[in-house]
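Structure, as structure tokens:
The values are calculated or read from the model by the stated rules, or taken from the named source; none is laboratory data. It should be emphasised that the depicted structure is a prediction, and the values quoted were computed from it without experimental measurement. Positions of Cβ are backbone-derived with ideal geometry, glycine not excepted, and every protein chain shown enters the neighbour counts. The accessibility values were calculated without ligands, DNA or RNA, using every heavy atom of the protein model including side chains. Shrake-Rupley method; radii C 1.70, N 1.55, O 1.52, S 1.80 Å.
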Amino acid sequence: MIKRLSRQGLLLQPVEQAVCRIALTHLDAARAAHERLKDASDTEALHDFRVALRRLRSVLRAYRPWLKNIPRKLRRRLRTLARSTNIARDTEVMIGWLKHERRSVRVRDRAGFNWLLARLDQRREEAYAGLADEDLREFGDIDGRLRAALTLMESSRPETAPQPRFAGVTTELIRQYSADLIECLAGIQSVEDFEAIHAARILGKRLRYLLEPLASETRPAVAMIGPMKQFQDRFGALCDAFVQAR
């Protein structure tokens, strides 16, 4: 991932220290993407910012029992910030889909097509304007507070009984997430089961986020990340279609 995880031995570290390293890596990525949001011509900045926030929140959720020093209020603020980007991202998805379909639009429908595209462009600009103000300032404060807490936990040494190793805790999480995903997939009978499809996509994404930090240390993780990415892309296409339908 980023250079913070380049040091070997992640699997054998105490779980709290290893998880803090991973969380700080995602926080670094979020900060870098956050700076790029100021550039209106950077069309990938919002996507990268959202992905970094998702990875960060997924780590904080999965390893919550070992990150007790992260205040609940800070977690809620991070969730609220992530949700505040939904309108801008959903609008971008819709604009991209319309532009892809431009050639198939009939002549008699082009006026309505262009009107809809212009309206969505306006909504995207308004959404970005909101992100450029209050939400971006909010991230600056969240970043500072969360970074301080994670850095302190990463550098501290437990005074009581030794913590379990990161490898053992993550193994159990992967088993649990895999079982949850299988159960969710069993509930999908058709494309009409959009809630189950959306849930499966989220579960698959969280499972992949567990596997990604292991890629530099274990080959089985590498073998799984590719198929999980394909799974996410295919279910993501379905979920984007649900957004378009709404």
Problem set entry | Label-point separation in nm, ASP121 to ARG89, each point 7 Å along Cα→Cβ | 2.5 nm
Exercise. Over its Cα atoms, what ratio of radius of gyration to 2.2 N^0.38 Å does the chain give?
Worked result: 1.13
Exercise. Just the Cα atoms of segment 20-152: what Rg and Dmax do they give in Å?
Worked result: 18.0, 63
For this session: Would you kindly state how much longer the chain becomes between SER155 and SER41 on full extension, computed as 0.36 nm times their sequence separation minus their alpha carbon distance, in nm to one decimal?
Result: 37.2 nm
Exercise. When the distances between all Cα atoms of segment 1-96 are binned every 10 Å from zero, what whole-number percent does each bin get?
Worked result: 15, 42, 30, 12, 1
Exercise. If ligands, DNA and RNA are left out, what is the accessible area of ARG61 with a 1.4 Å probe, given in Å² to the nearest 10?
Worked result: 80 Å²
Exercise. With every protein chain in place, what's the accessible area of MET224 (1.4 Å probe, Å², nearest 10)?
Worked result: 90 Å²
Exercise. Quick one: ranking VAL107, VAL191, VAL59 by accessible area, 1.4 Å probe, largest first, what do you get?
Worked result: VAL107, VAL191, VAL59
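Expressed in nm², what is the orientationally averaged projection area of the convex hull enclosing the Cα positions of segment 150-246?
The directionally averaged projection comes out at 8.7 nm².
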Problem set entry | Per-residue SASA entry for LYS38, accessible area with 1.4 Å probe, Å² rounded to 10 | 140 Å²
Exercise. Percent of accessible area on the chain owned by carbon and sulfur, 1.4 Å probe?
Worked result: 53 percent
